[in-house]
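Student: The structure that follows is given in the form of structure tokens.
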Amino acid sequence: MPDLCRLAKEQGFETFRHSYRAAIKEVRTKIEILSEDFAVRHDYNPIHHMERRLKSPESIEEKLIRYGKEVSIESARENIMDIAGIRVVCNFIDDVYAIADMLMEQNDIRLITKKDYIQNPKPNGYRSLHLVLSVPVFLLDGCENIPVEVQIRTVAMDFWASLEHQLRYKKEKDLPPQTNFELKACAEASANLDMRMQRLFDEIHKMD
Ligand code: 0O2
């Protein structure tokens with residue numbers, strides 16, 4: 001076990017952490033404003049709920065070591081893109097892409113990376129849209145562009161990912177092939193449910 005948390009002892013660590021906390025607030029507020037505007041115009045809220053998390057110093061340090069990078073604030077700033085994280089859980093698949101497009105259209109936001117695990121699910125069946133966005137944050141010593149990882153997914157994708165995480169959590173050994181097969185089958189069943197619910201939504205809205 002490496003000597004974790006050298007990072008938290010570095011001078012300036014709290015200021016560093018604060019800038020990521022502020023970036024989460026910025027992006028969260030943007031998403032709230034967008035979804036409220038969407039609700040006013042379309043009489044429907046695309047977001048089921050949101051979660052946010054600031055990566056722990058131990059977890060940042062573990063990731064730097066895993067990537068073979070130096071353990072320092074500067075290196076974390078350069079190499080770790082998910083220190084600030086927001087998860088947006090939507091009702092329907094189309095809402096996922098609507099939220100992503102609305103966010104990326106904002107001219108103070110820059111897209112750093114986009115990984116579409118809905119179009120291209122992970123081999124284990126994991127589905128979600130991951131964006132890393134750079135957002136300007138105004139602090140006492142000026143403006144800093146901070147990356148925020150935004151994971152956007154449906155309630156069904158979130159249900160599967162949460163349970164899969166629980167089942168795998170702290171398992172030292174790999175799960176048996178039959179268990180992995182069954183987990184993947186569950187992911188596909190929930191993706192199928194998402195498609196059927198989207199079709200129902202579209203049919204009902206055509207009636208308006
Ligand atoms: P936490 O606590 O959720 O932050 P790496 O982070 O090094 O694995 P990369 O490319 O940065 O690699 O990330 P990737 O695979 O695009 O997305 C990582 C995050 O997506 C994970 O964060 C999870 O939140 C989620 N995720 C990715 N794959 C799976 C999966 O198979 N199952 C579940 N349940 N979630 C997944 P962290 O850092 O692992 O944890």
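No value in this document is a laboratory result; all are computed from the given coordinates. Computed from a prediction, not measured in an experiment: that's the story for all the values here. Glycine gets a Cβ as well: all are built from the backbone with ideal geometry, and neighbour counts include every protein chain shown.
Student: So who's got an amide H within less than 5 Å of the one on residue 118, skipping anything under 5 residues away but keeping other chains? H placed 1.01 Å off N, in plane.
Tutor: Close amide H contacts, sequence-distant or interchain: 128.
Student: Add +1 for every Lys or Arg and -1 for every Asp or Glu among the other residues with Cβ under 12 Å from the Cβ of residue 28, and state the total. Display every interim value, and only then the final one.
Tutor: Working: positive: 21, 25, 30, 52, 53, 87; negative: 26, 32, 51.
In short, +3.
Student: Can you give me the relative contact order of region 1-125 as a percent, contacts being Cα pairs under 8 Å and 6 or more apart?
Tutor: That works out to 29 percent.
Student: Most mobile of 134, 19, 72 per a Gaussian network model of the chain (Cα springs, under 10 Å)?
Tutor: 72
Student: While we're on this one: With the crude spin-label approximation of a point 7 Å out along Cα→Cβ, what separation in nm comes out for residue 195 versus residue 9?
Tutor: Between residue 195 and residue 9, the label points sit 5.4 nm apart.
Student: Still on this structure, I have one more. Have a look at 146, 31, 73 and tell me which one the Gaussian network model of the chain (Cα, springs below 10 Å) gives the largest fluctuation.
Tutor: Per the Cα network of the chain with a 10 Å cutoff, 73 tops the list.
Student: If you restrict to DSSP beta bridges whose two residues both lie in the chain, what percentage is antiparallel, to the nearest 5?
Tutor: 75 percent
Student: Membrane-span-like helices in the chain: DSSP H runs reaching 24 Å or more (Cα, own axis), mean Kyte hydropathy at least -1.0?
Tutor: For the chain, where a helix must reach 24 Å along its axis and average at least -1.0, the hits are 13-42, 177-206.
Student: As I understand it, the dipole of region 52-151 uses +1 on the Cβ of Lys and Arg and -1 on the Cβ of Asp and Glu, about the Cα centre. Which of 113, 145, 123 lies farthest toward its positive end?
Tutor: After comparing all options, I get 123.
Student: Can you list the residues, at least 5 places off or on another chain, whose amide H is less than 5 Å from the amide H of residue 52, using H built in the peptide plane?
Tutor: Those lying under 5 Å, H to H, from residue 52 are 87.
Student: Now for a different question. Extending each Cα 7 Å along its Cβ direction at residue 208 and residue 165, get the distance between those two points in nm, one decimal.
Tutor: 3.2 nm
Student: For the chain, set up a GNM with springs between Cα atoms under 10 Å and report which of 96, 150, 40 has the largest fluctuation.
Tutor: Maximum fluctuation in the GNM of the chain, among the listed residues, is at 40.
Student: Report the relative contact order of region 88-206, percent, no decimals, based on alpha-carbon pairs under 8 angstrom and at least 6 residues apart.
Tutor: Averaging sequence separation for qualifying contacts and normalising by length gives 27 percent for region 88-206.
Student: Now for a different question. Over all pairs of distinct alpha carbons, what does the Kirkwood formula give as the hydrodynamic radius of the chain, in Å?
Tutor: By the Kirkwood definition, the hydrodynamic radius is 18.9 Å.
Student: Based on Cβ point charges of +1 for Lys and Arg and -1 for Asp and Glu, what charge dipole magnitude is obtained for region 94-194 about its Cα centre, in debye rounded to the nearest 20?
Tutor: Here the size comes out at about 520 debye.
Student: Would you please put 80-87, 137-144 in order of how densely packed they are, using the mean number of other Cβ atoms within 10 angstrom per residue and starting with the highest?
Tutor: Averaged packing, sorted descending, gives the order 80-87, 137-144.
Student: Report the full-extension gain for the segment residue 174 to residue 186: residue separation times 0.36 nm, less the Cα-Cα distance, to one decimal in nm.
Tutor: Roughly 2.5 nm would be gained on extension.
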